[in-house]
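Remarks on the structure that follows.
What follows is calculated from the coordinates using simple rules that are stated; it is not laboratory data. Here the structure is a predicted model, which means the values were calculated and not measured.
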Amino acid sequence: MSQITGTAEDNTLIGTAEADQIDGLDGHDFIRGEGGNDLVEGRRGRDDIFGNEGNDTLNGGGG
């Protein structure tokens, strides 16, 4: 499982075709899981979160 981590700013984070753990941290993020069984976390801020293919877990965070 690959780890993709954003910053405290606004980020665009896109996963791989495999399972990913994607953490947007704070900020207004666009996060897309792509393929695989992904864990996608938005944290604080107004985030756009998409799972795409696979059995994904989406956590919006606080904001």
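Calculated on C-alpha atoms, the gyration radius of the chain divided by its Kirkwood radius gives an Rg/Rh of 0.93.
Residues considered: ASP20, ASP48, ASP38. Largest GNM mean-square fluctuation over the chain, using C-alpha springs under 10 Å, is found at ASP48.
Phi-derived couplings, Karplus 6.51 cos²θ - 1.76 cosθ + 1.60 at θ = phi - 60°, listed residue by residue for segment 3-20: 10, 10, 10, x, 10, 7, 9, 6, 10, 10, 10, 10, x, 9, 6, 9, 5, 10 Hz, with x used for Gly and Pro.
Converting phi to 3J(HN,Hα) with the Karplus coefficients 6.51, -1.76 and 1.60 and the offset θ = phi - 60°, segment 52-59 yields 6, 6, x, 8, 9, 10, 10, 10 Hz in sequence order, with x at every glycine or proline.
Amide H to amide H distances under 5 Å link ASN59 with VAL40, GLU41, GLY42, where only residues 5 or more positions off or on other chains count and H is placed in the peptide plane. Relative contact order for segment 2-45 using alpha-carbon pairs under 8 Å, separation at least 6, rounded to a whole percent? The value is 38 percent.
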